[in-house]
1. Taking the highest mean first, how do the peptides 33-42, 165-174 order by number of other beta carbon atoms within 10 angstrom per residue?
2. Tell me, in nm to one decimal, what length is gained between PHE36 and MET114 on full extension, where the rule is 0.36 nm per residue of separation less the Cα-Cα distance?
3. Roughly how many percent of the accessible protein surface of the chain is carbon and sulfur, given a 1.4 Å probe and a whole-percent answer?
4. Along the range 200-214, what does the Karplus equation 6.51 cos²θ - 1.76 cosθ + 1.60 (θ = phi - 60°) give for ³J(HN,Hα), rounded to whole Hz, x for Gly and Pro?
5. If one computes P(r) from the Cα atoms of the range 87-209, what percent of pairs lie at distances over 24 Å?
6. Could you sort the peptides 98-109, 16-27, 153-164 by per-residue average Cβ neighbour count (10 Å cutoff), highest mean leading?
7. Solvent-accessible area per residue for the range 2-77 at a 1.4 Å probe radius, Å²?
8. Please give the Cα centre distance for the range 1-30 versus the range 128-200, rounded to the nearest Å.
Amino acid sequence: MITVYGRASSSNVQIVMWTLAEIGLDYERFDYGFGFGGVDTPEYLAMNPNGLIPTLRDGDLVLWESAAIMRYLSARYADDGFWPRDPAARAPLDMWAEWCRTTLAPALNGGVFMPLVRVAPSKRDPAKIARSVEALKPVMRRLDARIGDGPWMAGETLTFADIMVGNLLYRYYTVEFDKAETPALDAYYARLVDRPTYAEHVMVSYEPLRARDV
Ligand SMILES: N[C@@H](CCC(=O)N[C@@H](CS)C(=O)NCC(=O)O)C(=O)O
């Protein structure tokens, strides 16, 4: 049995949960992290010295870093459709998966989601947020151009690369701010929303994370 430690509202936990669901693996998940605690105990720190979530246990193997976990599960358990064995087929997808971590996620999460959701209104810096909203637009247009007709990143088959793109999109589309015109991406997101695994593991309310003025 695979065990995941981490709350369902964490986008990094969602990467792991959605991967497990797409591959069709059995798992158990325990709530750890913000609002639940448990990450500062000696037992947890022995598994994950960062005191962050997610952590995954598969038999004797303990892993942290959500993208590394996603790649481990895919390489070990997924079929060739979800995780192409041919490096020349996989690398161009992995390139975009990395781009999501290094370019899209910081621009979206760091620049817009965190300041609008995890910072109380009175503590926000509207001018800085406005600059981040503008800076995000060309990034989303680049993704829109890459998605094209899809339906998925690799074409007809959903792959690990869609996990890395898609896990960011629920927050992108549900937080209100001025967005670029991205018709291909909008259609891609609509396809994700129709997917039960996405609805269950990624479309998780982030209201418990919202910072409010008291
Ligand atoms: N790069 C790490 C980041 C881990 C991380 O920052 N996790 C956040 C949740 S998304 C966390 O543990 N926050 C503190 C908490 O919830 O207690 C990964 O992808 O797993």
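1. On the way: 33-42: 13.1, 165-174: 20.9.
Ranked from most to least packed, the peptides come out as 165-174, 33-42.
2. Numbers: separation 78, 0.36 × 78 = 28.08 nm, distance 1.98 nm.
Gain in length upon complete extension: 26.1 nm.
3. Numbers: 5550 of 10200 Å².
Carbon and sulfur atoms account for 54 percent of the accessible area of the chain.
4. 6, 9, 10, 7, 9, 4, 9, 4, x, 8, 5, 8, 10, 6, 8
5. Working: 2034 of 7503 pairs.
Percent of Cα pairs beyond 24 Å in the range 87-209: 27.
6. Numbers: 98-109: 16.6, 16-27: 19.3, 153-164: 21.4.
Listed from highest to lowest mean packing, they are 153-164, 16-27, 98-109.
7. Details: 3400 Å² over 76 residues.
For the range 2-77, the per-residue accessible area is 45 Å².
8. 21 Å
The values are calculated or read from the model by the stated rules, or taken from the named source; none is laboratory data. Treat the numbers as computed from the prediction; the structure is a model and nothing was measured. So basically every Cβ, Gly included, is an ideal-geometry build from the backbone, and we count neighbours across all protein chains shown. Ligands, DNA and RNA are stripped out before the accessible areas are found, and what is left, the full protein with its side chains, is counted by its heavy atoms. Shrake-Rupley method; radii C 1.70, N 1.55, O 1.52, S 1.80 Å.
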